[in-house]
Amino acid sequence: QAQLVESGGGLVQAGGSLRLSCAASGLTFVAFNMGWFRQAPGKEREFVAGVKWNGGAVSYADSVKGRFTISRDNAKNTVLLQMNSLKPDDTAVYYCAASIQSTMGTRQHEWSHWGQGTQVTVSS
């Protein structure tokens with residue numbers, strides 16, 4: 001039974017930083033691309049960042065490029081999202097996701113496993 005569990009969300013002032021963690025179990029972690037999506041109230045779930053199974057390639061949404069960094073530790077079955085220079089527009093529920101696709105998709109249906117989400121709130 002695959003399970004992804006996010007942690008690290010919280011309340012932070014604009015310009016601050018947070019680090020999100022996602023712990024995976026019940027799947028062959030090294031076989032999956034890992035990524036982060038986010039969803040704000042009234043908006044569609046959007047792709048934030050992804051890292052391929054071997055950690056050799058990363059992808060970011062234009063809105064977070066230069067501020068967020070995704071990484072993975074296959075020995076710990078963990079993917080991280082370091083978020084710096086946070087803005088109020090970053091406020092959303094952040095979801096960890098896994099995909100066995102060969103390419104890094106940006107649409108929700110291209111990802112097969114999901115965590116429960118962790119809330120990130122950035123005050124103005």
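The values are calculated or read from the model by the stated rules, or taken from the named source; none is laboratory data. These numbers were taken from a predicted model, which means no experiment stands behind them. Backbone-built Cβ (ideal geometry, glycine too); neighbour counts: all protein chains shown. Ligands, DNA and RNA are stripped out before the accessible areas are found, and what is left, the full protein with its side chains, is counted by its heavy atoms. Shrake-Rupley method; radii C 1.70, N 1.55, O 1.52, S 1.80 Å.
At-a-glance table
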| read-out | value |
| --- | --- |
| Those strands (runs of 3 or more DSSP E) lying entirely in segment 4-95 with at least 3 residues under 11 Å from Val120 (Cα atoms) | 10-13, 18-25 |
| Identity of the residue in segment 50-106, aliphatic (A, V, I, L, M) and farther than 17 Å from Thr118 by Cβ, that ends up modelled with the lowest pLDDT | Met104 |
| Yes/no for Arg19 being touching a Leu at 6+ places or on another chain (Cβ under 8 Å) and at pLDDT below 95 | no |
| Residue selected from segment 13-35 under the condition under 16 Å from the mean Cα position of the chain (by Cα) and not small (Gly, Ala, Ser), by the criterion surrounded by the most Cβ atoms within 10 Å (Cβ to Cβ) | Met34 |
| Filtered residues of segment 56-109 (kept if without any contact (Cβ under 8 Å) to a residue 60 or more places away in the chain, of a type in the set (S, T, N, Q), crowded, with 18+ Cβ neighbours inside 10 Å and closer than 21 Å to Ala24 by Cα) | Ser59, Asn77 |
| Hits in segment 45-55 (condition: open to solvent by less than 60 Å² (accessible area, probe 1.4 Å) and farther than 15 Å from Gly105 by Cα) | Gly55 |
